[in-house]
Amino acid sequence: VSVTRTTNVQASFALNSYPLTVTKTGSGGGTVTSSPTGINCGADCTENYTHGTLVTLTATANPGNSFAGWSGACTGTGSCVVNMITARSVTATFTFPEPEPLPVPQQPDYTWQSVRNTVIPVRPAATK
């Protein structure tokens, strides 16, 4: 290209954008939100971010549940910071506590006997 007089030149550049996908797993429940805004997972778990954007993900467990941690592009249990230089995936694991087992009632009035290869409780005969 040869320029022989004053010429205005305009160029437009656009940064690439990449998807950040959040997946929730585990026995419990909760939500994951992002800053800058875009992800509110519950409902919206994927968002595109411009190349080089630092996205902070925050997990909030439902009442009675716990946040167990991140996997994928983040690890640990604190906030997750993702540098969007390519497509990224993060998994948030939420847990629900197992119920306490019920106590086994003590049955001191019973004895155990084997009947046809099955152990059964037998109440002792009343004494007079």
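The values are calculated or read from the model by the stated rules, or taken from the named source; none is laboratory data. Worth saying up front: this structure is predicted, and the values here are computed from it rather than measured. Backbone-built Cβ (ideal geometry, glycine too); neighbour counts: all protein chains shown. Note: accessible area is taken over every heavy atom of the protein model, side chains too, but ligands, DNA and RNA are not part of it. Shrake-Rupley method; radii C 1.70, N 1.55, O 1.52, S 1.80 Å.
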At a Förster radius of 41 Å, what calculated FRET efficiency corresponds to the Cβ-Cβ distance of Asn83 and Thr4, to the nearest 0.05?
0.35
Counting only residues 5 or more apart in sequence or on a different chain, those whose built amide H sits under 5 Å from that of Ser17 are His51
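I need the calculated FRET efficiency for the pair Asn16 and Glu100, taking r as the beta carbon distance and R₀ as 41 Å, to the nearest 0.05. Provide the component values of the computation, followed by the final result.
On the way: r = 52 Å, r/R0 = 1.26.
The calculated FRET efficiency here is 0.20.
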Would you mind telling me the share, in percent, of accessible area of region 1-97 contributed by carbon and sulfur at probe 1.4 angstrom?
50
At 1.4 Å probe size, what's the solvent-accessible area of Ser2? Round to the nearest 10 Å².
100
For region 45-58, Karplus-derived ³J(HN,Hα) couplings (6.51, -1.76, 1.60; θ = phi - 60°; whole Hz; x for glycine and proline) come out as 10, 9, 8, 8, 10, 5, 3, x, 5, 8, 10, 9, 9, 10
